[in-house]
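The values are calculated or read from the model by the stated rules, or taken from the named source; none is laboratory data. From a predicted model like this one, the values you see are computed outputs, not experimental measurements. No Cβ is skipped: glycine too gets one built from the backbone with ideal geometry, and neighbour counts run over all protein chains shown.
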Amino acid sequence: MKWALLAIIVVSTVLADFLQSYEMKRSGEQSVGARGLVRLLRLTLSRRYLIFAIACMALSFFAFMALIQIAPLSFAVPASAVSLVFETLLAKFVLNEAVGKRRTAGALLVLSGVVLLAR
Amino acid sequence: MTDLAEETGVVCVAAPPEEPATGSTGPGTSKLKTFLLAFAVILFNAVGNLCLAWGMKHLGELMGWNPLGYIRAILNPSVAAGVALLILWLLTRMALMSWADLSFSLPVTGVGYVLAAVLGKLFLNEAVSPKHWVGTLLIFAGAAIVGTTTHQTEPRPELER
């Protein structure tokens, strides 16, 4: 049960972040004032990939809520962080981001730090 | 996914070759602002998750797959505050993604894991070991290294009005 929930969290998180990044790149730089946040809400409702991304986040969120009831937060948080690996790969090969040595090294350091925080 | 990749390629080709020179034209032109936004994203997530975990631990019932259980959980004030903070987190994170690369945003916001662990220790009495310090150090080092890279691979299109 623990691992099934974890798999749901990772897959839906990766999908949500990938689609969000893809859509937000196309949307131009958004502002974060009160009006900017309302604008972001409207933007979310008008793009189907964003709606799907939010649905994935909701799935991930409910799976996470269920997971932290049967496992400690110190397991749930770092275990779901493996999505970082898949997302960095997608960013490089599908979103064509410049993922060089420094970004790869940084992402791996963050990941190993998160794993150490688990125990 | 293949369609997405092709579309992305088209978008990249169509993007203007250089950003506007002045710093005031868009929020994402400044790296400092990008870091400040990332900090806000981290705070909303950590405090939101804490409220949520706090509320869930004090509900006293297992959720399982029953939707009614989730509706009851949302009515708990602590859970509701957590959900509100996580909505703010979602919106600010979307703005961050409109300013910076996915492979930049993720490791930099990874500092949030440290905050989550510290909050978990303080408020939820979860077990902590000395390894946490090494983990914390690695996360900060990784985020700092990624922070030295340029936050946008391609300049973003003008903001639609």
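Remarks
- Qualifying residue in segment A:69-91 (condition: buried (at least 16 other Cβ atoms within 10 Å of the Cβ), of a type outside the set (A, V, I, L, M, F, W, C) and not in a helix (DSSP H, G or I)): no
- Any hit, segment B:102-113, residues being closer than 21 Å to A:Ala71 by Cβ, at the interface with another protein chain (Cβ under 7 Å from one of its Cβ atoms) and modelled with pLDDT of 80 or more: yes
- Within segment B:82-97, the set of residues being buried (at least 21 other Cβ atoms within 10 Å of the Cβ) and free of Cβ contacts under 8 Å to residues at least 24 places away in the same chain comprises B:Leu90, B:Leu91, B:Met94, B:Met97.
- Test for B:Ala144: is it within 8 Å of another protein chain (Cβ to nearest Cβ), within 17 Å of the chain's Cα centre (by Cα), surrounded by fewer than 22 Cβ atoms within 10 Å (Cβ to Cβ) and not aromatic (Phe, Trp, Tyr): yes
- Any hit, segment A:97-104, residues being among the aliphatic types (A, V, I, L, M), within 7 Å of chain B (Cβ to nearest Cβ) and more than 30 Å from B:Tyr70 (Cα to Cα): yes
- Only residues that are of a type in the set (Val, Ile, Thr) and at pLDDT below 90 were counted in segment A:100-119, giving 2.
- Scan of segment B:75-105 for residues that are in a helix (DSSP H, G or I) and among the polar types (S, T, N, Q), ordered by number: B:Ser78, B:Thr92, B:Ser98, B:Ser103, B:Ser105
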